[in-house]
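The structure appears right after this line, and notes come after that.
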Amino acid sequence: QVQLGESGGGLVQAGGSLRLSCAASGRTFSSYTMGWFRQAPGKEREFVAAIAWSGIRSYYADSVKGRVTLSRDHAKNTGYLQMNSLKPEDTAVYYCAAGPARYSATTSDAYDYWGQGTQVTVSS
């Protein structure tokens, strides 16, 4: 069993940066792919990025490629989503997820465990 908890969201001006954290409990987290998704009001949840258990391979949605970097710290059982050059359209609730999926898995059903989400608001 894996439990996930996101933090680091908040209000930021366009062009700013945020680093989201995803703290996990459970030994198996280190062997799982970690993904990030987001959901804006009135829209469906969409894939943002994912990183393999090794931390070596990662995959990014076109909408964030070049502005977002994933990393994970196995010693702390925590993953990170560094977001730069934020845009108003990045405003959403961001969720981390984990599961025995490929690092390129972009669909929600590929992940077994989810956090409660953290709000990111980017003002223009």
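The values are calculated or read from the model by the stated rules, or taken from the named source; none is laboratory data. Keep in mind that what you see is a predicted model, and the values were worked out from it rather than measured. No Cβ is skipped: glycine too gets one built from the backbone with ideal geometry, and neighbour counts run over all protein chains shown. Calculation scope for accessible area: heavy atoms of the full protein, side chains included, ligands and nucleic acids excluded. Shrake-Rupley method; radii C 1.70, N 1.55, O 1.52, S 1.80 Å.
Exactly one of these conditions fails for LYS43: (1) among the basic types (Lys, Arg); (2) more than 15 Å from GLY115 (Cβ to Cβ); (3) in a strand (DSSP E or B). Give me its number.
Of everything listed in (1) among the basic types (Lys, Arg); (2) more than 15 Å from GLY115 (Cβ to Cβ); (3) in a strand (DSSP E or B), LYS43 misses just condition (3).
Among the candidates ARG67, ARG45, ARG38, ARG19, single out the residue that is under 25 Å from SER124 (Cα atoms) and in contact with an Asp or Glu (Cβ under 7 Å, 6 or more places away or on another chain).
Of ARG67, ARG45, ARG38, ARG19, the one residue that is under 25 Å from SER124 (Cα atoms) and in contact with an Asp or Glu (Cβ under 7 Å, 6 or more places away or on another chain) is ARG38.
Of all residues in segment 72-114, count the ones that are assigned to a strand (DSSP E or B), modelled with pLDDT of 95 or more and surrounded by fewer than 17 Cβ atoms within 10 Å (Cβ to Cβ).
Residues meeting the conditions: 1.
Filtering segment 115-124 down to residues that are assigned to a strand (DSSP E or B) and more than 14 Å from the chain's Cα centre (by Cα), which residue is farthest from TRP53 (Cα to Cα)?
Checked segment 115-124; the qualifying residue farthest from TRP53 (Cα to Cα) is SER123.
Taking the residues in segment 1-30 that are of a type in the set (D, E, K, R) and at pLDDT 95 or above as candidates, determine which candidate is farthest from ALA97 (Cα to Cα).
ARG19
Exactly one of (1) open to solvent by less than 60 Å² (accessible area, probe 1.4 Å); (2) over 17 Å from SER123 (Cα atoms); (3) not in a loop (DSSP other than H, G, I, E, B) is unmet by TYR59. Its number?
(1)
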